1. In the range A:4-25, what residues drop by 20 Å² or more of accessible area when the other protein chains are put back, versus the chain on its own? Use 1.4 Å, and skip ligands and nucleic acids.
2. Set the bar at 22 Å for Cα to Cα. Now go through B:Lys53/B:Lys104; A:Lys203/B:Lys2; A:Lys268/B:Lys63 and name every pair that lies beyond it.
3. Whole number in Å², please: accessible area per residue of the protein assembly as shown, 1.4 Å probe, ligands, DNA and RNA not counted.
4. Partner chain Cβ atoms within 10 Å, averaged over the residues of B:165-172 - can you pull that number for me?
5. Give the lysines whose C-alpha is closer than 21 Å to that of B:Lys127, dropping any in the same chain fewer than 8 places away, or say none.
6. When only DSSP loop residues count, what GluC sites (Glu not before Pro) in the range A:77-172 have their Cβ near at most 14 other Cβ atoms within 10 Å?
7. For a quick size check, give me the Cα extents of the range B:2-189 along its three principal axes, largest first, whole Å.
8. So which trypsin sites (Lys or Arg not before Pro) in the range A:168-216 end up in coil per DSSP with only 16 or fewer other C-beta atoms within 10 Å?
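The values are calculated or read from the model by the stated rules, or taken from the named source; none is laboratory data. Note that the coordinates shown come from a computational prediction; the quantities given were computed from them, not determined experimentally. Neighbour counts are summed over all protein chains in view; Cβ atoms, including those assigned to glycine, are modelled from backbone coordinates with ideal geometry. These area figures cover heavy atoms from the full protein model, side chains too; ligands, DNA and RNA do not enter into them. Shrake-Rupley method; radii C 1.70, N 1.55, O 1.52, S 1.80 Å.
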Amino acid sequence: MQTGTWKVKVGLAQMLKGGVIMDVVTPEHAKIAEAAGACAVMALERVPADIRKAGGVARMSDPTVIEAIMKAVSIPVMAKCRIGHFVEAQVLQALGIDYIDESEVLTPADEAHHVWKHDFKVPFVCGCRNLGEALRRIGEGAAMIRTKGEAGTGDIVEAVRHMRAVQDEIRKLVKMPENELMAEAKELQAPFELVAEIHKTGKLPVVNFAAGGVATPADAALMMQLGADGVFVGSGIFKSSNPAVRAKAIVQATTHYQDAKIIARVSKNLGEAMPGMSVKQIPPEELLAGRGW
Amino acid sequence: MKIGVLALQGAFAEHIELLKKLKVDAVPVRLPRQLEGLDGLIIPGGESTTITKLMANYNLAHKINELAREGFPIFGTCAGMIVIASGVANGKITPIGVMAIKVKRNAFGRQVDSFETELSIPVLGKKPFPGVFIRAPLIESVGRGVEVLAKLADGTIVAARQGKLLVCAFHPELTDDLRFHRYFLDIISGKR
């Protein structure tokens with residue numbers, strides 16, 4: 001009997017596919033998310049929109065918050081550690097968390113190195129803006145990938161940019177003759193073996209969710225139609241005026257993402273979406289997606 | 001032969017791919033009308049709370065329950081096993097309750113306790129079957145007419161069959177071993 005194998009790490013992400021992972025900051029939020037049909041929750045002290053507002057250094061959440069949320073629900077619970085902060089990751093593993101998000105939403109702890117994720121039994125999800133970044137993270141042991149988008153904005157434009165970038169680069173690799181793959185790996189700054197694998201299979205070796213800016217059922221379905229395996233919703237639910245109803249609607253839109261009639265129906269009477277801020281209005285030094293490499 | 005795979009949430013694409021390897025027509029099912037003309041249904045792994053909640057919409061749970069009672073073949077893996085069980089020991093889940101088994105969710109612990117092990121499954125032959133258990137459930141007890149197909153070394157029941165209903169706590173769809181799915185196809189065609 002073997003635990004912590006690559007297959008069970010990647011496998012849990014496969015079980016999350018077609019689902020919505022919701023940011024929650026209290027056990028009550030977690031219960032609302034579970035009741036709405038979330039396939040997992042992300043336990044946090046503050047949602048990204050509030051992290052943005054608060055400024056300062058954003059760190060791993062207090063274990064008390066995380067444990068209370070783990071007790072409140074029966075679905076998988078994820079939590080975030082800072083980029084490169086492998087001790088925060090060790091702590092999260094010791095708490096028995098189901099997935100660790102090494103996240104640009106928190107203030108990076110290491111500007112050169114991400115966590116060496118192969119050392120852990122618990123699986124990791126990491127953000128990416130393009131295929132090269134995704135493959136570097138997978139090379140370090142990430143068993144799941146998500147687009148970074150721009151967290152806490154409610155603006156979907158960056159998530160779309162990042163998802164399209166990943167998909168375009170995959171299509172390009174598939175068409176490329178084998179003898180050009182090494183130069184392409186150099187260009188992407190990605191491990192050659194993974195580049196060669198995608199050339200053959202036409203897909204990432206791990207699940208890829210969309211994140212960073214999803215605020216409406218239509219946003220979720222947009223990301224699914226663009227090729228996401230599922231969606232993370234951070235501030236989009238609990239910063240809206242009616243979280244329970246919006247959460248349920250986003251879950252339905254993610255399942256029925258090809259059925260515009262159902263998306264239209266579930267989009268009715270949801271109340272106000274999160275206030276949101278256009279990514280264009282944010283000074284470049286305050287953008288989160290640029291954290292990590 | 002045409003098999004539907006319940007595609008509300010979870011690892012449905014993996015089942016569809018595996019069925020294609022067995023040269024079977026496989027289609028995703030999200031609405032009741034998509035159940036028409038099928039020879040069987042697979043309910044995949046995923047989150048059982050999410051799947052049961054989504055099944056409650058559009059009369060889908062009711063329709064599947066009705067079909068199962070008429071002898072329609074269903075194969076449930078992991079969450080899919082929980083969905084068709086008659087009882088769930090823990091958690092806030094209402095299964096459709098067509099198979100006489102009582103199950104326990106997340107029975108082995110959290111994700112760090114997820115594991116791989118080799119299983120002996122006599123109906124599939126001598127060669128061990130690769131068992132992939134992810135936050136897996138187990139079968140606590142079986143009712144009349146249920147045949148136990150596989151147990152862990154400690155006696156825990158992890159696969160069973162009742163007529164044309166087939167369940168396992170692990171994930172054959174995450175492996176290259178086609179035997180469990182072939183067994184389901186044999187149940188449908190009446191060979192087994």
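1. Residues shielded by partner chains are A:Lys7, A:Val8, A:Leu12, A:Gln14, A:Met15, A:Lys17, A:Gly18.
2. Violating the 22 Å limit, Cα to Cα: A:Lys203/B:Lys2; A:Lys268/B:Lys63.
3. On a per-residue basis, 39 Å².
4. Details: counts 0, 0, 0, 0, 0, 0, 5, 0.
If you average over the peptide's residues, the count of other-chain Cβ atoms is 1.
5. B:Lys127 reaches A:Lys7, B:Lys21, B:Lys151, B:Lys191.
6. Details: sites: A:Glu88, A:Glu102, A:Glu104, A:Glu111, A:Glu133, A:Glu140, A:Glu150, A:Glu158, A:Glu169; in loops: A:Glu104, A:Glu111, A:Glu150.
When the GluC sites (Glu not before Pro) of the range A:77-172 are filtered for loop state and at most 14 Cβ neighbours within 10 Å, A:Glu111 remain.
7. Projected onto its principal axes, the Cα set of the range B:2-189 covers 42, 38, 33 Å.
8. Details: sites: A:Arg171, A:Lys172, A:Lys175, A:Lys186, A:Lys200, A:Lys203; in loops: A:Lys203.
Loop-located and lightly packed - A:Lys203.
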